[in-house]
Amino acid sequence: MSKIAGSARIHPMSVVDDGAEIGEGVVIGPFCHVGPKVVLGANVELVSHAVVVGRTTVGEGTRIFQSAVVGGDSQSAKHSAVDTTLEIGRNCTIREGVTMNTGTVEHGGRTVVGDSCLFLAYSHVAHDCQVGNHVIMSNNVLLAGHVIVGDHAIIGGGAAVHQFTRIGRNAFIGGLSAVSYDVIPYGILNGNPGLLEGLNVVGMSRAGIDRAVIHRVRHAYKAIFEGEGSVRDKAAAIRHEYEDCPQVIDILDFIAAEADRALSTPARRRKG
C-alpha cells in the first residue's frame, strides 16, 4: 500500500502505484506516473506528464517538468534485472524531457544527483553518474555512464561527456564540447575534441574566491601545464608551495587521483 501524506495533492488523472511514498506538500499534476518503489520527499512537484519510476528517491522541494523520465533502467548493454537506485537531492529543477537512469549492479548500483542542481531540457544523466551540488546542465547535455561532476560545475548546451570522465568542481564546459578527458577543478574546456583553455576566473569570482587567491591559482596552473615534463610530476613538485591554498590543492589532488581517463590539457590537439 502507498504511503501518501494527507497534505499531498494528486491529480485524478495521474497514476501512483501501490508502494510509493508521497511526502507532505507534494503536488502531482495531471498525466504523471509514479512507480511502486519511488519516494517523493516533502514539497516535491511533478508539473505534468512526468514519469518517476524505479527505486528512486527525490529530495525535498525538487520540481520535475513535463515529459521527464526519472529512474528508468540503465541503458547499459550489460544491465541486469537487479534493483538499483537513483537518488536526487533537494531543491533541484528537472526540466522538460530530461532523462535520468538508475545505476548498474556491476558498478555499485547507484546514480546520485546532489542538491540545488538545474537540468535544462532534454539533458541526460546515465547510469552510475555522481553529480555534485549546484551543478548546471544546459539543454541537450549528455552524460555517459560513470561520469563524476563536481560541485558548481556548469556544462554548456549540447556538450557530450565520455563515460568514466571526471569534471572538477567549478569547472566550465563550453557548449557543443566533446569531453573525452578529465577536466580539472576551476578549468575551462571548449571544442571538439575538447581542449583545456585556462581557468574559470569568472566562476571563481562569482563563488566569492578572493582575487589574490585566483592569482595564486593562475601561477599554479602555469607551473603545471607550461614547459617540459609530466603534468603529474610538475603538480607533485609544487604541492609544498600551496599547502595553504585549498583551491590549488583541489587541483593537485584531482591530478594525483587514480582515474580511468587521461587529463585534459592545453596541449591535446586533433591528430592528422
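Would you calculate the convex hull of the Cα atoms in the range 205-256 and tell me its volume per residue in Å³?
In the range 205-256, the Cα hull volume divided by residue count equals 73 Å³.
Could you work out the relative contact order of the chain, using alpha carbon pairs under 8 angstrom and six or more residues apart, expressed as a whole percent?
Details: 808 pairs, mean separation 22.7, N = 272.
Worked out over the chain, it gives 8 percent.
Output wanted: per-residue J couplings in Hz (rounded whole) for the range 112-119, from phi through Karplus 6.51 cos²θ - 1.76 cosθ + 1.60, θ = phi - 60°, x for Gly and Pro.
Couplings: 10, 10, x, 8, 6, 8, 10, 10 Hz.
Under a Cβ-only charge scheme (Lys and Arg +1, Asp and Glu -1), can you give me the dipole magnitude of the chain about the Cα centre, in debye to the nearest 20?
Approximately 720 debye in magnitude.
Karplus couplings for the range 156-163 from phi (6.51 cos²θ - 1.76 cosθ + 1.60, θ = phi - 60°), rounded to Hz, Gly and Pro as x?
Whole-Hz 3J(HN,Hα) from phi for the range 156-163: x, x, x, 6, 10, 10, 5, 4.
Around E197, which amide H atoms from residues at least 5 apart in sequence, or from another chain, sit under 5 Å from its own amide H, with H modelled in the peptide plane?
I188, L189, N190
Can you tell me which of R110, R166, R232 moves the most in a GNM of the chain? Springs connect C-alpha atoms under 10 Å apart.
Answer for the Gaussian network model of the chain: R232.
Using a Gaussian network model of the chain with C-alpha springs under 10 Å, which one of G198, G61, G229 is most mobile by mean-square fluctuation?
Looking only at G198, G61, G229, the largest GNM fluctuation is found for G229.
How many lysine pairs in the chain, separated by 8 or more positions in sequence or lying on different chains, have Cα atoms less than 27 Å apart?
Within the chain, the lysine pair count is 5.
When DSSP beta bridges are limited to those with both residues in the chain, what percentage is antiparallel, rounded to the nearest 5?
5
As I understand it, the dipole of the chain uses +1 on the Cβ of Lys and Arg and -1 on the Cβ of Asp and Glu, about the Cα centre. Which of C129, A223, L118 lies farthest toward its positive end?
Result: A223.
Determine ³J(HN,Hα), in whole Hz, for all residues of the range 205-220 in sequence, where each value follows from phi through the Karplus function 6.51 cos²θ - 1.76 cosθ + 1.60 and θ = phi - 60°; x replaces Gly and Pro.
4, 5, 7, x, 6, 5, 4, 5, 5, 4, 4, 5, 5, 4, 4, 5
Measure nothing fancy, just the Cα-based angle from helix 246-256's long axis to the longest principal axis of the chain, in degrees from 0 to 90, nearest 10.
Helix 246-256 sits roughly 90 degrees off the main axis of the chain.
If amide hydrogens are placed 1.01 Å from N in the peptide plane, which non-local residues have theirs closer than 5 Å to the one on G19?
Result for G19 returns S2, K3.
Can you tell me the relative contact order of the range 15-101? Whole percent, Cα pairs under 8 Å, sequence separation 6 or more.
Numbers: 248 pairs, mean separation 21.2, N = 87.
Result for the range 15-101 is 24 percent.
Where a number appears in this text, it was derived from the coordinates with a stated rule and is not lab data. None of these values were measured; they are calculated from a predicted model. All Cβ positions, even for glycine, are placed from backbone atoms using ideal geometry, and neighbour counts span all protein chains on display.
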